Amino acid sequence: MIYVETSRLRLRDWGETDIVPFSALNADENVMRYFPKTLSTEETKAFYTLIIDKIKANGYGLFAVEEKETKEFIGFIGFHKATFEADFTPCIEIGWRLKKESWGKGFATEGAAACLQYGFTKLGFSDIYSFTAEVNTPSQNVMQKIGMIYLRDFNHPKIKQDSSLHKHVLYHINWNEFNIC
C-alpha cells in the first residue's frame, strides 16, 4: 500500500526486498553517526519486523521510502509513538533515515512535509513532535523547513550521559501551525 506520494517519492508498505538495502542503511556509519551505534543484520531484521507490526497495529509507522523514478528503496520516513520517560511523552514523533546517496536532494524535507500532511489530515493527529541529538544539524534543518518549532533542549533518558548524543533538541508542530505554513 502507498500511504503518501509526492512528485518524487512513494512512502509505502515494506517488503522483503527492502531488508538488504535497509541492513546496508543501518550499517552505514555516516547514516548512523547521530545514533548510539550501527545495527547488525539481525538487529535490522528485528527492527523491520517491529516496524511492520506497528503499522499493522496502528495504521501508521515508519514507512518505506522509494524514489519514484527508479523504484529504489532509499530509507524510511514516518511516525513513531515515543514512550520513553519525558514530560512530553507519550507523543507522536515524525522521523526519517535515508541512505547517504539520497542526501542533499531535498528528499527528507519533501517526504516529511507530505507525511505531516498525511498525519494531520488522514490520521487525525493534533500534535507531532520530532527530536534529535543537538549535534544533528541536518535533521534540525529538515524540522525547521517543514514548519516545526523548536521548544527546548532535553537530555535523552536512553542515551548515556557521557555521550555527545545525550543532549537532544525537541521540535513540535500542531494542526493550526501546520495549516498556516
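Bear in mind these aren't lab numbers, they're just calculated from the coordinates by the rules spelled out. The structure presented is a predicted model; accordingly, all values stated were derived computationally and were not measured. All Cβ positions, glycine included, derive from the backbone under ideal geometry; neighbour counts span all protein chains shown.
Cross-link partners for K100 among the aspartates and glutamates, with Cα-Cα distance under 13 Å and sequence neighbours closer than 8 places in the same chain left out: D28, E29. Remark: K54, K158, K81 ranked as K158, K81, K54, counting other beta-carbon atoms within 10 Å and listing the fewest first.
Looking at the chain, the DSSP beta bridges with both ends there are about 95 percent antiparallel.
Between the stretch 26-103 and the stretch 155-181, the C-alpha centres lie 16 angstrom from each other.
Pairs from the table (K37/K71; K56/K122; K37/K122; K68/K122; K81/K160; K56/K160) lying more than 24 angstrom apart at Cα are K37/K71; K37/K122; K56/K160.
Length, then width, then depth: along the principal axes, the Cα atoms of the chain run 39, 39, 33 Å. Sorted fewest first by neighbouring Cβ atoms within 10 angstrom, D87, D13 come out as D87, D13.
The helix-only estimate of mean residue ellipticity at 222 nm for the chain, built from DSSP H runs of length n ≥ 4 each weighted as -39500 (n - 2.57), is -9500 deg cm²/dmol after division by the residue total.
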